1. Among Leu106, Leu122, Leu131, Leu100, which is the only one that is closer than 23 Å to Pro164 by Cα, open to solvent by less than 30 Å² (accessible area, probe 1.4 Å) and at pLDDT 90 or above?
2. Pick from region 136-152 the residues that are open to solvent by 10 Å² or more (accessible area, probe 1.4 Å) and outside any helix (DSSP H, G or I): which of them is farthest from Gln171 (Cα to Cα)?
3. What about Val155, is it open to solvent by less than 50 Å² (accessible area, probe 1.4 Å) and within 24 Å of Thr75 (Cα to Cα)?
4. I'm trying to understand the selection: among the residues of region 136-181, which are over 24 Å from the mean Cα position of the chain (by Cα) and among the aromatic types (Phe, Trp, Tyr)?
5. For region 70-80, state whether one or more residues are modelled with pLDDT under 70, farther than 30 Å from Lys159 by Cα, more than 33 Å from the chain's Cα centre (by Cα) and open to solvent by less than 70 Å² (accessible area, probe 1.4 Å).
6. Could you check, for region 161-169, whether at least one of its residues is closer than 17 Å to Gly90 by Cβ and either touching a residue at least 24 places away in the same chain (Cβ under 8 Å) or open to solvent by less than 50 Å² (accessible area, probe 1.4 Å) (or both)?
7. Residues in region 1-55 that are modelled with pLDDT of 75 or more, hydrophobic (A, V, I, L, M, F, W, C) and part of a helix (DSSP H, G or I): how many?
8. Return the pairs, sorted by first residue and then second, in which the second residue is part of a helix (DSSP H, G or I) and open to solvent by 70 Å² or more (accessible area, probe 1.4 Å), the first residue lies in region 106-128 and is over 19 Å from Ile95 (Cβ atoms), the beta carbons are less than 7 Å apart, and the residues are 6+ apart or on different chains.
Amino acid sequence: MDDLIRQIEDSQETDLRDRLTALSARIEIGPENLTLSVSRTALMQQIDPDVHPCEPDERLVSQLPLHLRKRGIETKLVLGESISTEPDRGLVKLIADDRLWARQLLAGEFASVRALAGAQGLDHRHVARALPFAFLAPDIVEAILEGRQPDGLTVTSLKQLKAPPLRWEDQRRALGLNGVD
């Protein structure tokens, strides 16, 4: 069995397709799970070609939880319970810019949001709308940096908020991060 697993893992795409066909594999994608079923007889013959078919042939079935993870215009098919993902670069850049701008304003490097925006080559309204996100709760920032934010939390969704709530508890609720660990 270990040899078969190794062979499947080392297979090229066409070889893998042939192996799955030989196993009489069937893959079904449903709204909440992916189901893989293979012929027990075919699997046994792949492991040991001298095995005689069993009657009636049974199907071995395995199901994995499945969901779509959307980030902006990108959609990923995610299998399994845990979601491991790359951080959303747009969100990370937004937070980094906001924090830098807030520090620059507080340090007196710029006399106003308009002056800061002009130095950045940006519209002052854009900078003014973005600045409140420099004050997100630390666990929210950490979740974003680690890519653990909810699927719907994107740069676009943040920009649609007029401003984040002041209280961190309210921020978590508004951004769908109540369960941040």
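The values are calculated or read from the model by the stated rules, or taken from the named source; none is laboratory data. Note that this is a predicted model, so its numbers are computed, not measured. Cβ placement follows ideal geometry from the backbone for every residue including glycine, while neighbour counts extend to all protein chains displayed. Remember, those area values only see protein heavy atoms, side chains included, never the ligands or the DNA or RNA. Shrake-Rupley method; radii C 1.70, N 1.55, O 1.52, S 1.80 Å.
1. Being closer than 23 Å to Pro164 by Cα, open to solvent by less than 30 Å² (accessible area, probe 1.4 Å) and at pLDDT 90 or above holds for just one of Leu106, Leu122, Leu131, Leu100, which is Leu131.
2. Glu146
3. Answer is yes for this residue.
4. none
5. There is no residue in region 70-80 that is modelled with pLDDT under 70, farther than 30 Å from Lys159 by Cα, more than 33 Å from the chain's Cα centre (by Cα) and open to solvent by less than 70 Å² (accessible area, probe 1.4 Å).
6. Checked against the condition, which is being closer than 17 Å to Gly90 by Cβ and either touching a residue at least 24 places away in the same chain (Cβ under 8 Å) or open to solvent by less than 50 Å² (accessible area, probe 1.4 Å) (or both), region 161-169 yields at least one hit.
7. Residues meeting the conditions: 6.
8. Sorted first by the residue in region 106-128, then by its partner, the pairs are His124/Arg114.
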